[in-house]
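Single-structure report; data block below.
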Amino acid sequence: MALLSHWHFDPLLILFVAALTVLYGFISRFRRPTNNWYFGSAVFFFLLATCSPLHFFGMHYYFSVYMVCHITLLLLCGPLLVMALPHKPSPFVTTRLKAFAASLSSHPWLLWFAGVGIMWFWHIPIVFDDSMGAMQSGFSIISSIHPLTMLAGGFLFSWPLFSPIENRQLHPLAGVLYLFTACISCSLLGLLITFAPAGTYHHYIGMANMPGRPWNISWQDDQQAAGLIMWVPCCFLYLTGCIYLLAHWFSAKSTNAGRRPETIKPLILHENGKK
Amino acid sequence: MSRLEHIRIPEPEKPLPGLTISSDQGLIQWLSSVDHKQIGIMYLWLSVLFILVGGIEILLVRIQLAVPNNHFLNPEVFNQLFTMHGTTMIFFVLAPAIFGFATYFVPLMIGANDMAFPRMNAFSFWCTLFGGLLLYFSYLAGGAPDAGWFNYAPLNQFSYSSSPGIDYYCSGLLLAGIGTVSASVNFIVTIFRLRVDGMGLKQMPVFVWMILINSFLILAAFPSLNAALVMLLLDRELHAHFFNPGNGGSALLWQHLFWLFGHPEVYILILPVFGIFSEVFPVFSRKPIFGYGFVVASGVAIALLAFGVWVHHMFATGLGNTVNNFFAASSLLIGVPTGVKIFNWLATMYGGSIRFSVAMLFAIAFLVEFTIGGLTGISFAIVPIDWQLTDTYYVVAHLHYVFIGGSLFGLISGIFYWYPKISGRMLSEKMGRWFFWLFVIGFNLTFLVQHALGAMGMPRRVYTYPDLPGWGILNMISSLGGGLMGIAVCLLVYMLFTSRKTGQIAGSDPWDANTLEWTTTSPPPLKNFNLVIPVRSTRPFRDWKRPDDTDWAREGVNNE
Ligand SMILES: [Cu+2]
């Protein structure tokens, strides 16, 4: 039970969440309940992944738990924030959003790299061990940068899929491809971690004998589990995104890609034998 | 450029000859053809040829296994026969048949006159054919491959298999693989660029959708196989050590690379067949497909999931419980989108006025057989069951329920459905029913009992077995069933041959069908269409035939 009391509120992150809420209130004026719901969940998941016991476990005991936090930030909070943006905000915000969308729209692959690159970067063993060491030794700037870059990566990555400026969105099928290629890269990273020599990430070896470490899972198994979480469930999140895009696409009342059938001439059948 | 213009490719001037070779230029016209219909037909004949070869191989195996302690075949020949049987059936029967239908019907169904790259289309076919011939050349070169169709390391290494068979396996499959990849590129471009005006992606027939998804699946999966084959060739020819643990390689690497291709390959062989069923069920139930969006989206989901589960083929290789648990969980989930499809087809039939043509009979039988194969497959996702049953006849039974009860039933259904369009003549429904019952009974006799044999512990790929209680009789039943299937396949091939000349004239639309291929003549002229009817729903031909009861008016999918 004592484990569940490990809430640690980093003042910088709390400040960030407060600022984000004010900004969101300014943009949306909390008018649309669904969007507010998305925003609320984004904040909830963000706090869960950065301040809750889950985060504490990930920092101190288990790589696999850390991986769950990581995926939460990148693949839940990021997309939820984008989806929370209102579709018809005030003219002032609209022009800003449009300008932002325009500056991003010409290079969706850059946004893909932002999302995927952030994920790979923090898992380079040496970067990983150093940042974890720094974060553990108290309130360092890293401990705020780390979650914020992942949130930003997730936000940018999801932008072309769920952008509030509809004509800036990727075609849903292109979106499926976008997600699928990201899923492959994520599987690859997960696979590398799963089959990497045990102890590639030093940080958790030292943690193995920490007092109060629950469950008693060996650090070798833990590293594998972390890789597997990145490999398998993570892919299911991308897949859920694909299904969401397809479901929206199919349920949209559509026309035949804007073509007018009156312009199509009727067929003259060539009959060479009547049935 | 200017030199190319002088090369004269014999092109037919009259309507295509259907299935005969007696055209105005004879055989040379077939050999030099870049017409998608002729190439499609050649793919289908290739598949017929190899099903006979692969069938004879397995009948020999079944004769050997009919009684205990048999010495009809020696172990070396036995190994070669089951290896060649598996490789042939998967790479040179199922795959070419799928490509045959796709090459023939994708352009027709989207209102195009040919594929996007006609010459590359021919290239793909000839690569596949020569790949198959290269594989079989191994018999003349000193021995066929003998390490099973998935050709595990270290058995595929020179020290375990010193005949050149496995080298031919590598080069043959590599060649066929190149053909497969180029065909997929061709399909993707054709489907994206050559659809008739008015046919948005959401008006595409489900078969075309499945070919599109399948092509992406191939592009993602085949590089893994091709890379593995090249690495194995390097191992065997140049003494590299990719898969040789004795020198720092990894035997398990082969399994990863092979199943990273191999699991998607199962879907590559089943998705197009789902497409065929999604044409057959609506036409013979006289209803639109139930839940078009669901059918397509679950196809996409299947394709994506295909890459997240391959490790379930390796539960017995000692990857550890952590790894096994994750992949057991993900493998249990892959049944979901397929289940969605099964219910869509059931719902399509529900309340329809069903016509039990042979095509429809096979479609209905598929629902039963494929569900059995799917359920036994799910049972393997449970790791302890997998450990108990792996490498037994239970696996053999499972995979044949998927490949025959799934893929082959679908392809046969497709033959009965589309043969009139390809040849201009009907296959006899009466003889077709004989074929249906012979084949279905033979199939179930052969493979249902193998579940029991596997559960009793009979290992696969062992050339004979001791006279244990029950084993002899069950194996005899299995062999007799195999014989029945053999007779049935001969009957089918006989029907295919004779109906070209003597079948009842089909007319352009014998089934009162829905899609564009039925609006042109049977067989279609060299240029498929001069004009195409307006496309405003997934059943454009039906809309055209019944202007007062159109899908697009009913669904309100209007074009302002
Ligand atoms: Cu599999």
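The values are calculated or read from the model by the stated rules, or taken from the named source; none is laboratory data. Quick caveat, the model's predicted, so the values are computed rather than measured. Every residue, glycine as well, gets a Cβ built from its backbone with ideal geometry; the counts of neighbours run over all protein chains shown. With ligands, DNA and RNA removed, areas are computed over all heavy atoms of the protein, side chains included. Shrake-Rupley method; radii C 1.70, N 1.55, O 1.52, S 1.80 Å.
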Exercise. State whether the residues of the range B:80-88 include one that is within 24 Å of residue B:139 (Cβ to Cβ), modelled with pLDDT of 90 or more and surrounded by fewer than 18 Cβ atoms within 10 Å (Cβ to Cβ).
Key: no
Quiz item: Would you pick out the residues in the range A:62-89 that are open to solvent by 30 Å² or more (accessible area, probe 1.4 Å) and part of a loop (DSSP other than H, G, I, E, B)?
Solution: A:87, A:88
Quiz item: In this structure, does residue B:207 turn out to be part of a helix (DSSP H, G or I), aromatic (Phe, Trp, Tyr) and either closer than 30 Å to residue B:515 by Cα or touching an Asp or Glu at 6+ places or on another chain (Cβ under 6 Å) (or both)?
Solution: yes
Self-check item: Pairs with Cβ under 9 Å, 6+ apart, first in the range B:525-543 and in contact (Cβ under 8 Å) with a residue 12 or more places away in the chain, second of a type in the set (Phe, Trp, Tyr) and open to solvent by less than 10 Å² (accessible area, probe 1.4 Å)
Solution: B:533/B:541; B:541/B:518
Quiz item: Which one of B:327, B:315, B:366 is aromatic (Phe, Trp, Tyr), more than 10 Å from chain A (Cβ to nearest Cβ), within 15 Å of the ligand (Cβ to nearest atom) and open to solvent by less than 10 Å² (accessible area, probe 1.4 Å)?
Solution: B:315
Quiz item: Is it true that some residue in the range B:250-258 is within 14 Å of the ligand (Cβ to nearest atom) and surrounded by fewer than 21 Cβ atoms within 10 Å (Cβ to Cβ)?
Solution: yes
Self-check item: Subset of the range B:219-259 that is in contact with a Pro (Cβ under 8 Å, 6 or more places away or on another chain) and within 14 Å of chain A (Cβ to nearest Cβ) - its residue that is nearest to residue A:179 (Cα to Cα)
Solution: B:220
Quiz item: Quick check: is even one residue across the range B:281-288 in contact with a helix residue (DSSP H, G or I) (Cβ under 6 Å, 6 or more places away or on another chain), closer than 26 Å to residue B:176 by Cβ and more than 16 Å from the ligand (Cβ to nearest atom)?
Solution: no
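Among the residues of the range A:152-172, how many are assigned to a helix (DSSP H, G or I) and at pLDDT 75 or above?
12
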Self-check item: residue B:262 being out of contact with any Cys (no Cβ under 7 Å at 6 or more places or on another chain), open to solvent by less than 30 Å² (accessible area, probe 1.4 Å), within 14 Å of the ligand (Cβ to nearest atom) and small (Gly, Ala, Ser)
Solution: yes
Quiz item: Do you know which of the residues in the range B:369-395 that are within 15 Å of the ligand (Cβ to nearest atom) and polar (S, T, N, Q) is surrounded by the most Cβ atoms within 10 Å (Cβ to Cβ)?
Solution: B:376
Quiz prompt | Output for the range B:233-246, where each listed residue is open to solvent by 10 Å² or more (accessible area, probe 1.4 Å) and touching a helix residue (DSSP H, G or I) at 6+ places or on another chain (Cβ under 8 Å) | solution = B:233, B:236, B:237, B:240, B:241, B:242, B:244, B:245
Self-check item: Identity of the residue in the range B:510-537, closer than 16 Å to residue B:282 by Cα and within 11 Å of chain A (Cβ to nearest Cβ), that ends up modelled with the lowest pLDDT
Solution: B:537
Quiz item: Among the residues of the range B:481-524, which ones are closer than 22 Å to residue B:199 by Cα and buried (at least 17 other Cβ atoms within 10 Å of the Cβ)?
Solution: B:508, B:509, B:513, B:514, B:515, B:516, B:517, B:518, B:519, B:520, B:521, B:524
Self-check item: For residue B:430: the one exception among (1) in contact (Cβ under 8 Å) with a residue 24 or more places away in the chain; (2) at negative phi; (3) charged (D, E, K, R)
Solution: (1)
Exercise. Give the residues of the range B:291-312 that are assigned to a helix (DSSP H, G or I) and more than 16 Å from the ligand (Cβ to nearest atom), sorted by residue number.
Key: B:292, B:293, B:294, B:295, B:296, B:297, B:298, B:299, B:300
Quiz prompt | residue B:507 being small (Gly, Ala, Ser), more than 26 Å from the chain's Cα centre (by Cα) and more than 9 Å from chain A (Cβ to nearest Cβ) | solution = no
Quiz prompt | Search result, residues across the range B:330-343 that are open to solvent by 10 Å² or more (accessible area, probe 1.4 Å) and within 14 Å of the ligand (Cβ to nearest atom) | solution = B:332, B:333, B:334, B:335, B:338
Quiz item: Got a sec? Which of B:296, B:206, B:280, B:230 is β-branched (Val, Ile, Thr), modelled with pLDDT of 90 or more and surrounded by fewer than 22 Cβ atoms within 10 Å (Cβ to Cβ)?
Solution: B:230
Practice problem: Could you please find all residues in the range A:179-207 being under 16 Å from the mean Cα position of the chain (by Cα) and more than 9 Å from chain B (Cβ to nearest Cβ)? | Solution: A:181, A:182, A:185, A:186, A:189, A:190
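Every residue, every condition in (1) more than 23 Å from residue B:278 (Cα to Cα); (2) without any contact (Cβ under 8 Å) to a residue 24 or more places away in the chain, yes or no:
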| position | (1), (2) |
| --- | --- |
| B:408 | no, no |
| B:419 | no, no |
| B:447 | yes, no |
| B:465 | yes, no |
| B:474 | yes, no |
| B:480 | yes, no |
| B:493 | yes, no |
| B:498 | yes, yes |
Quiz item: Just to be sure, is residue B:121 in contact (Cβ under 8 Å) with a residue 60 or more places away in the chain, in a loop (DSSP other than H, G, I, E, B) and not hydrophobic (A, V, I, L, M, F, W, C)?
Solution: no
Exercise. Only one of these is touching a residue at least 24 places away in the same chain (Cβ under 8 Å), under 19 Å from residue B:219 (Cα atoms), open to solvent by 40 Å² or more (accessible area, probe 1.4 Å) and assigned to a helix (DSSP H, G or I): B:188, B:178. Name it.
Key: B:178
